[in-house]
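The values are calculated or read from the model by the stated rules, or taken from the named source; none is laboratory data. All values derive from a computational prediction rather than experimental measurement. In this analysis, Cβ positions are derived from the backbone assuming ideal geometry, glycine residues included, and neighbour counts consider all displayed protein chains. Protein only, heavy atoms only, side chains kept; ligands, DNA and RNA dropped before computing areas. Shrake-Rupley method; radii C 1.70, N 1.55, O 1.52, S 1.80 Å.
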Amino acid sequence: MFDRDVFRVHLAVFFDNETKVPVLKLASTIKDIFINMFPNEPQILPLPPDAPNDAPRCIFQMEGKDVSLNFSLVRMDYDAGLVDGTQWKNHIEVIANSFINICKICDIDIKRIGIVAQVRNAKEAIEYLNKKVVIDEFVKSDEKNISWVSHKKINSNLGINIFITLRFNENELQNTDVSIIDVNTDVTSELQKDNLIRVISILTSQIGERIENVFGE
């Protein structure tokens, strides 16, 4: 139904509320592990003591590429545009495993994990969507934007949220028709250090299933 061309990925790990983030050690550890991706010095932001916890403290940027990594006192994020042909699942799992290792080195507990993939849609997907949404004005519109969320219980300790956004614009010359698939662990999940890699695999598998069939049928 939908084109499988994933052109952008985002990974976020959310730190446990009780964790005290060692900013300089975290920045140094990231630099050591991602030295090939981010060879230049990161930008450490001189924020006042009362700055919001979610304000970025350090930013890594790949020179000349659409790839960045940053962290605050509550989360760490990786964002990247992918060239055609990139194996997105392998790419994000490698980054996620590096994040897990970094947090282990810095004694940071991970509370939640989220992964987002942006996928270019095939034009024929509009016809299928129009059959799903039985609203005359929606069907006739040349710009469409629809979102929904579903919840899935994997086991007694792990629940996930699946956010889907579909965007179509027939007035754009370039292909801006996009599926945004955001899969993350819910707040009730109990993530254990020894099963984080499995959790990552579950999240990427859920994204893969929605790339194959965005409606989860």
Can you tell me which residues in the range 14-54 are of a type in the set (Val, Ile, Thr), in a helix (DSSP H, G or I) and closer than 17 Å to VAL67 by Cα? ILE30, ILE33
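Could you say which residue among ILE197, ILE154, ILE202, ILE207 is closer than 30 Å to ILE108 by Cα, open to solvent by 30 Å² or more (accessible area, probe 1.4 Å), among the hydrophobic types (A, V, I, L, M, F, W, C) and assigned to a helix (DSSP H, G or I)? I'd like the intermediate steps shown before the answer.
Values: ILE154 fails: assigned to a helix (DSSP H, G or I); ILE202 fails: open to solvent by 30 Å² or more (accessible area, probe 1.4 Å); ILE207 fails: open to solvent by 30 Å² or more (accessible area, probe 1.4 Å).
Residue meeting the stated conditions: ILE197.
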Which number in (1) open to solvent by 70 Å² or more (accessible area, probe 1.4 Å); (2) of a type in the set (Phe, Trp, Tyr); (3) outside any strand (DSSP E or B) marks the one condition that PHE138 misses? (1)
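Hey, any hits in the range 38-52 for a residue that's crowded, with 17+ Cβ neighbours inside 10 Å and touching a residue at least 24 places away in the same chain (Cβ under 8 Å)?
yes
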Which pairs turn up if I take residues in the range 58-83 that are more than 19 Å from LYS25 (Cβ to Cβ) and look for partners that are in a strand (DSSP E or B) and among the aromatic types (Phe, Trp, Tyr) with beta carbon separation below 9 Å, at least 6 apart in sequence or on another chain? VAL67/PHE60; VAL67/TYR78; SER68/PHE60; SER68/TYR78; GLY81/PHE7; LEU82/PHE7; VAL83/PHE7
Only one of ALA55, ALA27, ALA80 is of a type in the set (A, V, I, L, M) and surrounded by fewer than 18 Cβ atoms within 10 Å (Cβ to Cβ). Can you tell me which? ALA55
